[in-house]
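Only one structure is covered here, and it is reproduced in the block below.
The values are calculated or read from the model by the stated rules, or taken from the named source; none is laboratory data. Since we're looking at a predicted model, the values are computed, not measured. Backbone-built Cβ (ideal geometry, glycine too); neighbour counts: all protein chains shown.
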Amino acid sequence: MTEVTIRGVEEEDFLEIMKVAAECAPVPLERDSIYHCFTRYFADTCFVAESRSLVVGFILGWISQVESTIAYVHNVCVMPDMRKKGIATRLYDRFIETVKVKGCKEVFLIVNPRNEASLRFHQALGFRISEEGEGIEVNGVRAVKDYNGPAQHMVVMYKTI
Ligand SMILES: CC(C)(COP(=O)(O)OP(=O)(O)OC[C@H]1O[C@@H](n2cnc3c(N)ncnc32)[C@H](O)[C@@H]1OP(=O)(O)O)[C@@H](O)C(=O)NCCC(=O)NCCS
């Protein structure tokens with residue numbers, strides 16, 4: 001089996017991260033400067049999975065600037081042909097280990113209620129669905145109504161670490 005290593009990002013990784021993100025619908029692709037911001041200014045809380053010198057997955061996150069015990073995962077993606085091999089779990093392990101050392105107690109993220117793979121994945125990792133805000137059921141799951149603007153309902157998930 002091909003070896004996959006997890007490492008912290010380097011600034012120039014943003015282009016490869018973008019290529020992976022482009023293969024990871026339904027997560028929307030950001031403009032390139034956003035990925036560059038992560039690899040330049042949030043590099044201590046962003047990691048890539050690498051196989052044969054190619055980036056095959058990533059996790060991008062940060063520690064809240066207003067509540068230092070909270071970490072947030074903006075996105076986690078693995079190339080389609082590399083899924084179900086534990087790569088995203090390893091990326092999360094590294095992220096959580098890192099933010100824990102920096103004093104974080106909880107990790108938050110949002111998931112589109114129609115992204116069942118992501119919901120199942122995060123639940124398998126022990127994330128729970130937050131009861132915050134006004135709830136609305138979408139696709140059989142509790143989302144926060146209008147979280148990202150009108151009709152943009154999102155599931156808020158969290159885990160105590
Ligand atoms: C979600 C995603 C990151 C998971 O990556 P992965 O490397 O395949 O995940 P893992 O192999 O670590 O999975 C760990 C566990 O999560 C669960 N899981 C993962 N993918 C799943 C799926 N498609 N359906 C149901 N459960 C799933 C399983 O319990 C799995 O354990 P198992 O393989 O022993 O059954 C990947 O599917 C992906 O990149 N999706 C597109 C982008 C995306 O939606 N990102 C999340 C944005 S919020």
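All but one of (1) over 14 Å from the mean Cα position of the chain (by Cα); (2) assigned to a loop (DSSP other than H, G, I, E, B); (3) at pLDDT 95 or above hold for Cys24; which doesn't?
(1)
Is it true that Ile70 is away from the ligand (no atom under 15 Å from the Cβ), β-branched (Val, Ile, Thr) and within 17 Å of Thr98 (Cβ to Cβ)?
So Ile70 passes the test.
Of the conditions (1) more than 8 Å from the ligand (Cβ to nearest atom); (2) on the phi > 0 side of the Ramachandran plot, Lys84 clears all except one; give me its number.
For Lys84, the exception is condition (1).
With the requirement that a residue be touching a helix residue (DSSP H, G or I) at 6+ places or on another chain (Cβ under 8 Å) and small (Gly, Ala, Ser), what does the stretch 32-46 give you?
If the condition is that a residue be touching a helix residue (DSSP H, G or I) at 6+ places or on another chain (Cβ under 8 Å) and small (Gly, Ala, Ser), then Ala43 is the only one that fits.
If I ask for residues that are on the phi > 0 side of the Ramachandran plot and loosely packed, with under 13 Cβ neighbours inside 10 Å, which ones from the stretch 127-161 would you list?
Gly140, Gly149, Ala151
Mind checking which strands (runs of 3 or more DSSP E) fall wholly inside the stretch 72-161 and carry at least 3 residues that are modelled with pLDDT of 95 or more and under 13 Å from the mean Cα position of the chain (by Cα)?
By residue number, 106-111, 155-160.
Looking at the structure I just gave you, is Val66 out of contact with any Phe, Trp or Tyr (no Cβ under 8 Å at 6 or more places or on another chain), at pLDDT 95 or above and loosely packed, with under 15 Cβ neighbours inside 10 Å?
Yes; evaluated as a whole, the condition is true for this residue.
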